[in-house]
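Q: Structure provided below as structure tokens; questions to follow.
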Amino acid sequence: MKFVPKEIEEYCTNISTTPSSLCSELADYTRQNVDLSVMLIGPMEASVLTMLIHQIRPKTIIEFGTFTGYSALAMAEQVESDGKIFTLDVNADTQNLAQSFWDKSPHGHKIVPICGQALETMGQITAPLDLVFIDADKTNYRSYFQYALENLSPKGVIVLDNMLWSGRVLEEGQLDDSTLALKKLAREIQTDDRLIKTLLPIRDGMLVVQLKVK
Ligand SMILES: C[S@@+](CC[C@H](N)C(=O)[O-])C[C@H]1O[C@@H](n2cnc3c(N)ncnc32)[C@H](O)[C@@H]1O
């Protein structure tokens, strides 16, 4: 399901700050050569991450779900030179492809790929987390979110991608595991009074979460 008409999305993208031409090259290569290129976040979502990065000025970012490295590179282009993006993925082939593009960027040194099941590797990042981007397997989102919340810096922000799941979150009755997991987590976040949250209908739904200032 497309939530925003194509022409409106193009207009928004044109007005907004978007990633470099190297990111576009990476996205084109992915679309032509890699299965499931629909998983790329694209320029409008990257623009929202860009805005958040300029607000938060994060030193430590963790990304769940590298794929071919588009979102990691888009974030690396915005963080300061001492910022680090730890990006977790189970697929070594797509992470290696990502590395070949990051190597062409003056910002590539800020990205640290970690290969393996994210549930097992996330514990390697112990620094307080300033920005967390969750974009891996949906059934583990809750565990990723809890880890993020437990390790979030006071100014930290968590972004959960695909929280509209192509509109399937509106379905009731017999649901597949991913839809069920996303709906349950959204409800948990909604009712957690410690959190400020906003669900943006950008691309497939970006849920932005922050701890309330005490
Ligand atoms: C939606 S894609 C990430 C897209 C990426 N953020 C981008 O915009 O280019 C999801 C990724 O999560 C990875 N993934 C799925 N299950 C995983 C797991 N259990 N642990 C780590 N990575 C996983 C997949 O291999 C896939 O590359």
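Q: Using the Cβ atoms and a cut-off under 13 Å, what net charge is assigned to the surroundings of Glu63, where Lys and Arg are +1 and Asp and Glu are -1?
A: So the environment of Glu63 carries a net charge of -3.
Q: Let me know the number of lysine pairs in the chain closer than 24 Å at the Cα, not counting same-chain pairs under 8 apart.
A: The number of close lysine pairs in the chain is 27.
Q: Show the residues, 5+ positions off or on another chain, whose built amide H is closer than 5 Å to the amide H of Leu152.
A: Those lying under 5 Å, H to H, from Leu152 are Leu129.
Q: Provide the gained length on full extension for the span Lys214 to Asp35, in nm with one decimal, where the gain is 0.36 nm per separating residue minus the Cα-Cα distance.
A: 59.9 nm
Q: A further question on this structure: Net charge near Asn14, counting Lys/Arg +1 and Asp/Glu -1 over other residues with Cβ under 13 Å of its Cβ?
A: Numbers: positive: Lys6; negative: Glu7, Glu9, Glu10.
Summing Lys/Arg as +1 and Asp/Glu as -1 gives -2.
Q: Here is a further query. Whose amide H sits under 5 Å from the amide H of Asn91, counting only residues 5 or more places off or on another chain, with H placed in the peptide plane?
A: Answer set, sorted by chain and number: Gly116.
Q: In the stretch 163-214, which GluC sites (Glu not before Pro) fall in coil by DSSP and have 10 or fewer other Cβ atoms within 10 Å?
A: Those satisfying the criteria are Glu172.
Q: Then there is this: Cα convex hull of the chain: mean projected area in nm², to one decimal?
A: 11.8
Each reported figure results from applying straightforward, stated rules to the coordinates on display, with no laboratory input. Just so it is clear, the structure is predicted and the values come from calculations on it, not from any experiment. Because the Cβ atoms are built from the backbone with ideal geometry, glycine has one as well, and the counts that use them run over all protein chains shown.
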